[in-house]
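Written out below as structure tokens is the structure these notes cover.
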Amino acid sequence: MKALRRTLAAITVALLAFRAVGSFLSWVEKQDENETDAWIDEDEFEEA
């Protein structure tokens, strides 16, 4: 019985970790799509 609970818990943790990684990668992908001028290259700023 104890082994069954531990196996179930391990599967649950693995699924949650998989979902968390998937969510993070999705968030990173959305950040790449949004072009923001939050970071300004100093060389470009001096040229302008």
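The values are calculated or read from the model by the stated rules, or taken from the named source; none is laboratory data. If you're wondering where the values come from, they're calculated on a predicted model, not measured in any experiment. All Cβ positions, glycine included, derive from the backbone under ideal geometry; neighbour counts span all protein chains shown. Heavy atoms of the whole protein, side chains included, go into the accessibility calculation; ligands, DNA and RNA do not. Shrake-Rupley method; radii C 1.70, N 1.55, O 1.52, S 1.80 Å.
Per residue of the range 18-25, in order, report the coupling 6.51 cos²θ - 1.76 cosθ + 1.60 (Karplus, θ = phi - 60°) as ³J(HN,Hα) in whole Hz, putting x for Gly and Pro.
4, 5, 5, 5, x, 5, 5, 5
For 18, 24, give me the order by solvent-accessible area with a 1.4 Å probe, most accessible first, ignoring ligands, DNA and RNA. It would help to have the intermediate numbers written out before the result.
Numbers: 18 155, 24 120 Å².
These residues rank, largest area first, as 18, 24.
Net charge around residue 22, counting only other residues with Cβ within less than 14 Å of its Cβ (Lys, Arg = +1; Asp, Glu = -1)?
Spelling it out: positives minus negatives among the neighbours equals +1.
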